[in-house]
Structures are given as C-alpha cells and as structure tokens.
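Peer 1: Let me begin by handing over the structure; questions about it come next.
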C-alpha cells in the first residue's frame, strides 16, 4: 500500500511538472533564480545520497582505505570524471568493489 | 499521411542512441527495486506511471530506507523540476496543437526525448513535430518498460542479488552521473556542501537529511556562482 501511494504521488508530481508549460501555457512564469537553482539540484541530491553511503556504509564513519564502498565510489567518480562514460565507470567501480569485498 | 509516417519513423530512428543508453539503467533499476523490497508489480508500475529514471532510483533508495511519503514526493518534485524547463522550451512549437496531443506528450517528456526533439525542431523545424515527438516518446516508454521488466525478472530469479553488492551499483551509478558535472566550480561546491550536510545530518527521521542537504547544496552552488572573479560578477 505504502509503495503504491508513493508511486501515485510521484506520478502526480511528475505529470504536473511536465504539463506545466505545455498544457497550461505561458501564464506560468519561470523566475530567474529558480532557473539557476535547478542547475545545482542533480549535483546536490546525488551527492547527498552518495557521500553518506561511501563514507559511512554501516552508519558510522569509516574512512579506512579498506572500505570497499569508499574506494569503489572514488573509482566511479574518477572514471566518469576522466572519460564521461557513465556505464564504464559503473562497471569498473563494481569490479573494484567486488574484488575488495570478496577477494581481500 | 505518409509524411506523418515518415516523421514518426524519423523520430524513432533519432531516438535509437537514447534507447541503447537507457537500457542498462532500466535493468539496474528493475533489479535494485525488487532487491530493495518493492513488489514486481510496484516496480513495473513505477516505470509505467512515473517514467522518470533518476527520480525512480532515488525513490527506491528512499522507500528502502523507510522514508515518509511527503519526503519521497518532495524529493521527486525537486529532482524532476528540470522537466518544467523542457516543457517551457518546447511550448512555442506545441502552442497550436490540441490538448489531446499536449497532455500525452507532456506525460512522456523525458531528458532523452527533450534532447532529441529540441534538436530536431531547432535544426530542421517543427513540421509534423507531434508525430516526431510521439514516436520518440513511445520508443523511450516501451524501451524503459521492457528493460525494467528484464531487471525485475533478473532480480527475482537470482534472489540475494542485492546482497551481492547491487546496493553498491546504485551508489556507483549516482557517482558516475554526478562526476562530469563537478568540472564547474559552483556545481562542485554544491556537491561538497550537500554531501557534507548529508553526512553530518545522517539518520534524521523520514530521510529529512536528504532534503536538508539538497537545499544546502543548491544554496552553496548559487552563492559560488555569484562569487566575485567568477563570470561577470553581476556588476556588484
């Protein structure tokens, strides 16, 4: 029940956003500050999700070099930063993570 | 009639690279969602009804962490707000189309379809644009549903796949998406501020720490953008 309520609410929110201008026309105005703020939403939200999971995977801070979450995340960041290839970064970092977790 | 068909085929064809790009994420999403405890029906339902990849990933991690509904909805709003920009950008082309076109095209508006449609309209004009746009939308939609289903079947047939580190795959995905954006200093500042806030505030009830971190991050990005020595410094 909870999951379906979550989904229906997500749908309502997303449809409203997408229909905003296309359906309701230019009676809506997009203030400049909001326009600029939107540029930073993906970086902010994704970092807010990634950093605690990388640095504190078990809930407590773990910045040892033996923390596979931390090392894997850094590898993913580095590969994506260098190459711009998302999928490559995921695969390479996953291999590193897996090696640290199951081989070491 | 055949011109409409040509525009439709053109829209499908131009969207093919986007389909290939989205496919693995559909699989990862489906697998992760069932691994996080969502039912198969709800996982497919989310792809069917919400149809917004990044917000779906985030929602799954929020639902898995027991976040409250308003937090899930608010996060979806923040993450998907960029679609309002697309909606506004494409409005001049769609202004004269009937609502029977504009509603469904709005429902299916994704990053990928926006990129394809906006490029076509800008470079080759918007003639028969509704057919072109519809084709791109349907291709993306069918593709996303199909690969979500593949991911669900994969996740169901190999139970414990999530314990095999697929929860890490989500973090790796987010990190890979965010990394190229960090080349610009305000975005880097936004990421650091949001990450640090999330780390310090972790464990707040209902995942409110995520909302707090997002707000702090966006504010940091906007402040850095205005910092002197950057850009035209707002003649301040």
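Bear in mind that the values in this text are calculations on the coordinates, not laboratory data. Given the structure is predicted, the values throughout are model-derived calculations rather than measurements. Note: ideal-geometry Cβ built from the backbone for every residue, glycine included; neighbour counts use all protein chains shown.
Peer 1: Sort the range B:29-103 into rounded, prolate or oblate with this rule: let a ≥ b ≥ c be the square roots of the eigenvalues of the Cα gyration tensor; rounded if a/c is under 1.5, and if a/c is not under 1.5, prolate when a/b is larger than b/c, oblate otherwise.
Peer 2: prolate
Peer 1: While we're looking at this one, here's another question. Report relative contact order for the range A:32-103 in percent, whole number only (criteria: Cα-Cα under 8 Å, sequence separation at least 6). Spell out each step's value before the answer.
Peer 2: Numbers: 46 pairs, mean separation 16.7, N = 72.
So the answer I get is 23 percent.
Peer 1: So for each of B:135-143, B:218-226, B:72-80 I average, over its residues, the number of other beta carbons within 10 Å; can you give me the resulting order with the highest mean first?
Peer 2: On the way: B:135-143: 20.9, B:218-226: 19.1, B:72-80: 22.4.
With the highest mean Cβ count within 10 Å placed first, the list reads B:72-80, B:135-143, B:218-226.
Peer 1: Rounded to the nearest angstrom and ordered from largest down, what semi-axes does the equivalent ellipsoid of the range B:132-178 get from its C-alpha gyration tensor (root of 5λ)?
Peer 2: Values: eigenvalues 146, 59, 3 Å².
Working from the Cα gyration tensor, I get semi-axes of 27, 17, 4 Å.
Peer 1: Another question about this same structure. Averaged over its residues, how many other protein chain Cβ atoms are within 10 Å of peptide B:179-186's Cβ atoms?
Peer 2: Values: counts 14, 9, 8, 5, 2, 3, 0, 4.
Mean inter-chain Cβ contacts per residue within 10 Å come to 6.
Peer 1: Turning to a different aspect of this structure: Can you put A:4, B:108, A:69 in order, fewest other beta carbons within 10 Å first? Could the numbers behind the result be given before it?
Peer 2: Working: A:4 14, B:108 19, A:69 23.
Ascending Cβ contact count within 10 Å gives the list A:4, B:108, A:69.
Peer 1: Pairs of Cα atoms under 8 Å, at least six residues apart: use those to get the relative contact order of the range B:1-159, whole percent. Intermediate results must be reported in sequence, preceding the final value.
Peer 2: Details: 165 pairs, mean separation 78.9, N = 159.
So the answer I get is 50 percent.
Peer 1: Sticking with this structure for a sec: Averaged over its residues, how many other protein chain Cβ atoms are within 10 Å of peptide B:67-73's Cβ atoms?
Peer 2: Mean shielding count: 4.
Peer 1: When the Cα atoms of the range B:1-71 are enclosed in a convex hull and the volume is divided per residue, what value in Å³ results? Please report the intermediate quantities before stating the final value.
Peer 2: Values: hull volume 7.7 nm³, N = 71.
Looking at the range B:1-71, the number lands at 109 Å³ per residue.
Peer 1: I would also like to ask the following. Ranking B:127, A:3 by Cβ neighbours within 10 Å, fewest first, what do you get?
Peer 2: Details: B:127 11, A:3 20.
If I rank by nearby Cβ atoms, fewest first, I get B:127, A:3.
Peer 1: May I pose another question? If you fit an axis through the alpha-carbon atoms of helix A:86-98 and take the longest principal axis of the Cα set of chain A, what angle between them do you get, 0 to 90°, nearest 10?
Peer 2: Taking Cα atoms only, the helix is inclined about 40 degrees.
Peer 1: Sticking with this structure for a sec: When a/c reaches 1.5 or more, the comparison of a/b and b/c decides; with that in mind, is chain B rounded, prolate or oblate per its Cα gyration tensor? Show your work: numbers first, answer last.
Peer 2: Details: a/c = 2.09, a/b = 1.16, b/c = 1.80.
In terms of gyration-tensor shape, oblate.
Peer 1: Nearest 10 degrees is fine. How inclined is helix A:68-83 to the longest principal axis of chain A, computing both from alpha carbons?
Peer 2: It is inclined by approximately 60 degrees.
Peer 1: Calculate how steeply helix A:32-55 sits against the longest principal axis of the alpha-carbon atoms of chain A, using the helix alpha-carbon long axis, and give the answer as 0 to 90 degrees to the nearest 10.
Peer 2: So the inclination is approximately 30 degrees.
Peer 1: Can you pull the mean other chain C-beta count within 10 Å for peptide B:38-44?
Peer 2: On the way: counts 3, 2, 0, 2, 5, 2, 0.
Average per residue, whole number: 2.
Peer 1: Taking 2.2 N^0.38 Å as the expected size of a compact globular protein, what ratio does the Cα radius of gyration of the protein assembly as shown give against it, to two decimals? Provide the component values of the computation, followed by the final result.
Peer 2: Values: Rg = 20.2 Å, N = 340, 2.2 N^0.38 = 20.2 Å.
Normalised Rg, Cα atoms only: 1.00.
Peer 1: Right, next: Report the semi-axes of the equivalent ellipsoid for chain A in whole Å, largest first, where each axis is √(5λ) for an eigenvalue λ of the Cα gyration tensor. Mind dumping the intermediate values first?
Peer 2: On the way: eigenvalues 271, 66, 39 Å².
Working from the Cα gyration tensor, I get semi-axes of 37, 18, 14 Å.
Peer 1: Still on this structure, please answer the following. So what's the gap between the Cα centers of the range B:82-118 and the range A:8-37, to the nearest angstrom?
Peer 2: Centre-to-centre (Cα) distance: 11 Å.
Peer 1: For a quick check, take a GNM of chain B with Cα springs below 10 Å and name the residue from B:168, B:146, B:25 with the largest mean-square fluctuation.
Peer 2: Among B:168, B:146, B:25, the largest GNM mean-square fluctuation belongs to B:168.
Peer 1: Further question: Specify whether the C-alpha gyration tensor of the range B:1-133 places it in the rounded, prolate or oblate class, a ≥ b ≥ c being the square roots of the eigenvalues: rounded for a/c under 1.5, otherwise prolate if a/b is larger than b/c and oblate if not.
Peer 2: Working: a/c = 2.60, a/b = 1.86, b/c = 1.40.
Verdict is prolate for the range B:1-133.
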